[in-house]
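Heads up: the structure comes next, in structure tokens.
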Amino acid sequence: KLSMPVVVEMLVICFHPCWMKLNMLNLIKLKETGTYEDGTTVTGAAAYAAYGRESGPIFRRVGGKIIWRGEPKLMLIGPDQTSGTEAWDLAFVAYYPNAGAFLEMVTDPDYRIAVKHRQAAVEGAARR
């Protein structure tokens, strides 16, 4: 089941010129404790690591790769981080050869199973 913001985001990506490469900035805020639908709890970091292990092969199969990864520590220009509302735990840029590759990944049956870990792990995210 996809949320409305995700559906809108996917539609925007669908209209991205199919021949253009896609570099997607991901900003991730992890939950302290991730909870799965069955009630199992783990740290958000552990759940996100499981997401990476299970979705990584699919990401690579469609031609995706991480072209930059960093740990956000300071924002010179942007939202106020002192309130904690815009403090990110992870930041990376994911490359896709085109928008179709991204859509192939997110509609893959195995990816749709792996995404449960992301849902358990992530408190907030921004993709640009």
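Coordinate-derived values only; no laboratory data. Nothing here was measured: the structure is a model prediction, and the numbers come from that model.
Worth pointing out:
- Of Lys21/Lys116; Lys29/Lys116; Lys21/Lys65; Lys21/Lys73, those spanning more than 19 Å from alpha-carbon to alpha-carbon: Lys21/Lys116; Lys21/Lys73
- Close amide-amide hydrogen proximity is noted between Asn98 and Leu22, each under 5 Å apart and 5 or more residues distant or on a separate chain (H modeled in the peptide plane; Pro and chain starts excluded).
- Close amide H pairs (under 5 Å, H built 1.01 Å from N) link Val122 with Lys31, residues at least 5 positions away or on another chain.
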